[in-house]
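Heads up, the thing below is written out as structure tokens.
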Amino acid sequence: MNKPLVSIITPLFNSEKYIAETIESVISQTYDNWELIIINDCSSDNGRDIVLNYLYDKRVVLIDLNHNVGPAKSRNHGIKISKGRYLSFLDSDDIWLRNKLEIQVSFMLENNLGFTYCRYNRINEDGEFIGFPKSFIELPTFKELTYNCMIGCLTVMLDRKIYNNIEFPNIIKRQDHGLWLNLFKAGLQPHGINKVLAKYRVRRNSVSSNKVIAAKYQWKLYREIMNFNMLYSAICLIKYFFNGIKNRL
């Protein structure tokens, strides 16, 4: 199989408890032509020191930012310095199954696709399985993706040979949902792989677990990033959270 380089972007901010497991899940991939770019967003814990232990592998790169910029700008910085044809994203507390890259690259090459994603399981802070999103659509429409972000950031792979204008919108949360919608508007149809290839860690007190705060950021996405009018934004927000409830039933 042709083995194009895959660039993996990982923002690091105070994840000392999980970053080693995240890196190990990349190093153990059956597909070996990758670069892991870890963007240290001014962590105040020992996460950076843990990353240093993995720099013996020349595929692992550590970049230190001068000041805290948040996950969107951290990812965008990683994108700018990355060298791969393919782009993937893995947060510093999430995990990939060892055949994730191999399956996804093969699928994209065989079908000449620019935007793919896959299923994932949810785990808790101790790594225990706690469920999975019920919603999965292999070829979502723009409207379906607007109402229901079934695409996990940790599962996405993008082909820059097909489309190279890739930038996360600069918002505190929901920047991944914003990027997927912007890519769709640019003509990049997402294709889903109906296999679980990753584990998403749900942490206590996260923004996604606080529904009021989550609603605020989702509203900001619709109004300021997508430029939807107030009425349509309200409709989208209601449908978004209704779908979120269904996914957890």
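What follows is calculated from the coordinates using simple rules that are stated; it is not laboratory data. It should be emphasised that the depicted structure is a prediction, and the values quoted were computed from it without experimental measurement. Methodologically, a virtual Cβ is constructed for each residue, glycine included, from the backbone with ideal geometry; neighbour enumeration extends over all protein chains shown.
Here is how the numbers come out for the structure above:
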| read-out | value |
| --- | --- |
| Over region 56-135, relative contact order from alpha-carbon pairs under 8 Å, at least 6 apart, % | 11 percent |
| Lysines with Cα under 22 Å of LYS239, excluding same-chain neighbours fewer than 8 positions away | LYS134, LYS143, LYS173, LYS185, LYS211, LYS216, LYS220 |
| Mean Cβ count within 10 Å, highest first, over the residues of peptides 193-200, 173-180 | 173-180, 193-200 |
| Dipole of the chain [Lys/Arg +1, Asp/Glu -1 at C-beta], most positive-end residue of TYR232, CYS149, GLN218 | TYR232 |
| Nearest-ten-degree value, helix 211-220 long axis tilted from longest Cα axis of the chain | 80 degrees |
| With Cα atoms, 0 to 90° folded angle of helix 230-247 axis to the chain main axis | 60 degrees |
| Cα-based helix-to-principal-axis angle, 100-111 vs the chain, degrees rounded to 10 | 70 degrees |
| Cα-centre dipole for region 6-206 with unit charges at Cβ (Lys and Arg positive, Asp and Glu negative), debye to 20 | 580 debye |
| Rounded to 5, percent antiparallel among DSSP beta bridges of the chain | 30 percent |
| The chain: relative contact order in percent, alpha carbon pairs under 8 Å with at least 6 residues between | 22 percent |
| Positive-pole candidate from LEU183, LEU55, ASN164, dipole of the chain, charges at beta carbon | LEU183 |
| Label corresponding to mean projected area of the Cα convex hull in nm² when calculated from the structure given, among (i) 17.6; (ii) 14.1; (iii) 12.7 | (iii) |
| Inter-centroid distance (Cα atoms) of region 127-177 relative to region 9-36, Å | 19 Å |
| Mean ellipticity per residue at 222 nm, deg cm²/dmol - from DSSP H runs of n ≥ 4 across the chain, formula -39500 (n - 2.57) | -10000 deg cm²/dmol |
